[in-house]
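Asker: Below is the structure I would like to discuss, written out as structure tokens.
Here, each number is a calculation from the coordinates, and none is a lab measurement. Small disclaimer: the values here were computed from a predicted structure and weren't measured. Glycine gets a Cβ as well: all are built from the backbone with ideal geometry, and neighbour counts include every protein chain shown.
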Amino acid sequence: MLNRWLLYVGSVLLGLAVVGGLLVAFVLALLYPTLPSLQSLTDYQPKIPLRIVSAEGDLLGEFGEERRAVVTIAEVPDVMKKAILAAEDERFYSHGGVDYLSVLRAAASNLTSGTQQGAGTITMQVARNFFLTREKTITRKLREVLLAWKIEANLSKDEILQLYVNQIFLGQRAYGFAAASQIYFGKPLKEVTPAEAAMLAGLPKAPSAFNPVNNPRRAKTRQLYVLRRMHDLRFIDDDQFREAQSAPLAVRQGLRESTPTHAEHVAEMARQVVFDAYGEDAYTKGLIVYTTIRKADQEAAYAALRRGAIDYDRRHGYRGPEAFVSLPDDPGERDTVLERVFQDTSESDGLIPAVVLEAAATAVKVVVADGESFQISGDGLKFAASSLRDKSPAATRIRPEQ
């Protein structure tokens, strides 16, 4: 009797599995013909911004929604490739577009812990970035899987990784790791260290949340996670791991519109001429405009003007704080407020924004964007001494807000 019942249950389950398989096959057969052509991948034409350069070829200005520098996979250093694989898809070179082990692991985590874990491979991310929206529907997910299979069938692994390296958004209007390396660290991609590679590789998951300019603490946490993954996968050895964990990162501040040479007025004049000739295509075709401006002359003129402006400001005296902020007593809440404050203010040629924590006539304690605090005293306070007196007007007095 028991054997008959088990046989019956097994038959029912087998029937359901067959019906389910046929249903999935039917849905896939309907969706596959509707998939887009892969021409945008095989004939990759990224949007490259307009660049205005000096007579020697140094960058004076850049215009376009996307900051991008296209590289071949051969130009991507091995440490950068390994950091990307450790952070995003460790089995990239062995799966067929969908990592079923990661899918099962993510499903189990979602069921047991209630937290939403993704299982998207690099190939699936390429499919999503080029062809799909981010809407969370079953149909969209099925199309993503089918596109991943189609991409894997038509492109090599290195070709897929090259598309990912150049197309992925990494914050600060940077698309691709080559552009991000220049924007965040001021160096070409081929020169990144393991610590810098891990920081960059941590950005695709959440470019805003892990942005080292706006959220240095969260960026550091994410970087350390990527380094641990690289170490666990034996991509870096023990010594490299320890060195990368403690290596200071020289992240460039004030990145929003920064260029190595200040020539904003000249760059804008050139932009107008090019726009009149090419229209909106001027910002996407990778045009490079050479000017007659020499870098050394422009830098000397800018330095003289800036020096004069600072001297003028000093002659007229300190004008008071830029703004006032109320800092909570709770350390966690305080860090959140400070992060928000520094998001809205950036460094300008050595003028570093800081929030006052303590203020007295002889010393002022401040904190800067990376969380480090400093004490200013002696000659450093002469310029603002009048704003440290108790009788100073409230609008110009230097004081910590509580």
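Asker: Sequence-distant or interchain residues sharing an amide H contact under 5 Å with residue 67, placed H: which?
Answerer: So residue 67 has HN proximity to 174, 175.
Asker: Kindly state, as a whole number, the per residue volume in cubic angstrom of the convex hull around the alpha carbon atoms of the stretch 66-246.
Answerer: Taking the convex hull of the Cα positions in the stretch 66-246, it is 126 Å³ per residue.
Asker: Check each of the GluC sites (Glu not before Pro) in the stretch 301-400 and keep only those in coil by DSSP with at most 14 other C-beta atoms within 10 angstrom; list them in order.
Answerer: On the way: sites: 322, 333, 339, 347, 358, 372; in loops: 322, 347, 372.
Passing both the DSSP loop test and the Cβ count: 322, 372.
Asker: Are there any trypsin sites (Lys or Arg not before Pro) in the stretch 368-401 that are in a DSSP loop and have at most 13 other Cβ atoms within 10 Å? List them by number. Write out the running numbers ahead of the final one.
Answerer: Working: sites: 382, 389, 391, 397; in loops: 382, 389, 391, 397.
Here the trypsin sites (Lys or Arg not before Pro) that fit, given the DSSP loop and packing criteria, are 382, 389, 391.
Asker: Taking the stretch 289-402 as the region of interest, what is the percent of Cα-Cα pairs per 5 angstrom bin, listed from the shortest bin to the one with the maximum distance?
Answerer: Taking every Cα pair in the stretch 289-402, the percentages come to 2, 10, 16, 20, 16, 14, 8, 6, 5, 3, 1, 0.
Asker: I would also like to ask the following. So if each residue of separation counts as 0.36 nm, and I subtract the Cα-Cα distance between residue 190 and residue 72, what length gain in nm does that give?
Answerer: 41.3 nm
Asker: Also, quick follow-up: What are the residues whose amide H is under 5 Å from the amide H of residue 325, where those residues sit 5 or more places off or on another chain and H is modelled from the backbone?
Answerer: 401
Asker: Distance check, please: which entries in 295/382; 47/187; 220/295 exceed 26 angstrom between their Cα atoms? Walk me through the intermediate numbers first.
Answerer: Details: 295/382 35 Å; 47/187 21 Å; 220/295 35 Å.
Result: 295/382; 220/295 exceed 26 Å.
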